[in-house]
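Down below is the structure, laid out as structure tokens.
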Amino acid sequence: MNITAPKSSNKPKKSNFHTIITNLTFWVLMAIIAGILLGHFSPENGVKMEILGKRFIDIIKLFIGPIIFLTIVLGISGMGNLKKVGRIGIKALGYFEVVSTVALAIGVSVAYFFKPGKIDRSGLTLGDASQYTKGTAEHFSWLQFFFSNFTLQVLLAAIICGIVLNFYKKREQTILVLERASKVVFTGLKYVMYLAPIGAFGGMAFTIGKFGLATLIPLGKLMLCVYLTMALFVFLVLGSILRYYKISILSILKYIKEELLLVLGTSSSEAALPSIMVKLEQMGCSKSVVGLVIPTGYSFNLDGTSIYLSMSVIFLAQLYDVHLSFFEILSVIGILMITSKGAAGVTGSGFIVLASTLTALHKIPVEGLAFLLGVDKFMSEARAITNLIGNTVATIVISKSEHDFIELNLEPVIEE
């Protein structure tokens, strides 16, 4: 993974074979394929590989706090304009809410058009959803959300430290120390990312081994609808937003292909959080915008999760032949606008949000979540990838709107 900006060289051009086998993307892809094969043909051994995926994500999480803290503190202290910090924050939150609401609406619309829930539920496999349905009557708590969200806590601490540092007498010396610390952290991340194929292999082998490809068949229509909706959202909605700034969505996807494959293998967008921040800075987004938008986006801009949650509610309504009025559909979107913000970075939190939404609606049986457990793991990849792309686009948009986008000659991401 290119952690540092590529430098020009007079060395002889390397062969295509050498370029491929030394490319981390190639090895992550091979690891995903190997994980699928092991999980399918030897499920017991595939399940045992879970430890590899989990440990890799645990190591990556060690870097998330320091990277967010250092990036934001250095970004704010170097900005020299605290009003701009507030403006970027408000602009980002406004963008997140609008785009997430569009994602919710698209999820509902596609679910009503294709009707994935119009199937015989007697043939579906039931999972144990009791751990998610307990205590669903509790109301969403912003305080609880904050204390359970490490990323948000680091974000707040970094913003406060960045502001205070602007008024500190020894500001320059402190910034110098923080810059050195930042280089150490990013160098460490560079070497840890070489373990990405192992993490992707473990994550994929476990998923296929435990849940099996056969579980996809009964709810295949729902899965196809989810993946189709995610693709429509990425290429039509996010693509149109980027097109306004004369940027190609395909070029962006090509630029972050390593992160996308990593998320596909691990089913976690957190696995790519540190490296996507590096990539966006390399692309030309300012450090301050990247530092503010990406961590906040991982808590408030979950486009893929929004699509999945809205489609799941309509799917369960169709499965139980429950008619929802137009007002009730708007209520679903309104409830999910709030509760979906609590689905960040916690395994199984999507089901807790769904349970809370169904409980608030008082029409669809909460027990219906048991039908989704079998295929949820296979749809988590689509959610995580869409969340990652959504936050990447958000950062570029905010940088462009702030005129803080310096077009660097790294990759051909900007259309002429």
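Before moving on, here are some points about what is shown:
- Pair LYS83, GLU44: separation of 7 Å Cα→Cβ label points (nm): 6.9 nm
- With the simple spin-label model, which puts each label point 7 Å out from Cα in the Cβ direction, the ILE217 to PHE26 separation comes to 3.7 nm.
- Taking a Cβ cut-off of under 15 Å around HIS40, the surrounding Lys, Arg, Asp and Glu residues balance to a net charge of +2, with basic ones at +1 and acidic ones at -1.
- Across region 220-234, rounded Karplus estimates of 3J(HN,Hα) from the backbone phi angles (6.51 cos²θ - 1.76 cosθ + 1.60, θ = phi - 60°) give x, 5, 5, 4, 4, 5, 5, 5, 5, 5, 4, 5, 4, 5, 5 Hz, Gly and Pro being marked x.
- Quotient of the Cα radius of gyration of region 151-227 and 2.2 N^0.38 Å, N being its number of residues: 1.95.
- Proximal charge balance of LEU354 [Cβ under 13 Å; K/R count +1, D/E count -1]: -1
- Volume per residue for region 144-273 equals 190 cubic angstrom (convex hull of Cα atoms).
- Take each peptide in 36-43, 323-330, count the other Cβ atoms within 10 Å of every residue, and average; sorted highest first, the result is 36-43, 323-330.
- Gyration tensor (alpha-carbon) shape descriptor, region 228-310, a/c threshold 1.5: rounded
- About the Cα centre, charge dipole magnitude for region 266-380 (Lys/Arg +1, Asp/Glu -1 at Cβ), debye: 260 debye
- Cα→Cβ-extended label distance, 7 Å offset, between MET337 and LYS54, nm: 3.9 nm
- Measuring r between the beta carbons of LEU143 and GLU367 and using R0 = 22 Å, the FRET efficiency lands at 0.15.
- Stretching the chain fully between ASP120 and LEU228 yields a gain of 36.7 nm (0.36 nm per residue, less the alpha carbon separation).
- Peptide packing: for 393-404, 356-367, 378-389, the average count of neighbouring Cβ atoms within 10 Å per residue gives the ranking 378-389, 393-404, 356-367, highest mean first.
- Cut-off 12 Å (backbone N to label point 7 Å along Cα→Cβ of PHE326), residues of region 351-383: none
- The trypsin sites (Lys or Arg not before Pro) of region 164-207 that meet both conditions, a loop assignment by DSSP and at most 16 other Cβ atoms within 10 Å of the site Cβ, are LYS169, LYS170.
- Long-range tail of P(r) for region 256-381 (Cα pairs > 18 Å, %): 57 percent
- Gain on full stretching of the segment that runs from ILE33 to LEU236 - 0.36 nm per residue minus C-alpha separation: 70.2 nm
- Working note: Cα atoms of region 366-405, range along each principal axis, descending, whole Å: 49, 19, 6.
- Converting the Cα gyration tensor eigenvalues of region 201-264 into ellipsoid dimensions via √(5λ) gives semi-axes, longest first, of 29, 17, 5 Å.
- Table column - 3J(HN,Hα) (Hz), region 260-276, Karplus curve with 6.51, -1.76, 1.60, x for Gly and Pro: 5, 5, 5, 5, 4, x, 9, 6, 9, 6, 5, 4, 9, 4, x, 6, 6
- Percentage, to the nearest whole number, of Cα pairs in region 61-112 over 16 Å apart: 62 percent
- Measuring nothing but alpha carbons in region 46-89 and taking Rh as the Kirkwood radius, the Rg to Rh ratio lands at 1.34.
Read the figures in this text as sums done on the coordinates, not as results from a lab. What you are looking at is a predicted structure, and each value in this text was computed from that prediction instead of being measured. Every residue, glycine among them, receives a Cβ derived from its backbone with ideal geometry; neighbour counts consider all protein chains shown.
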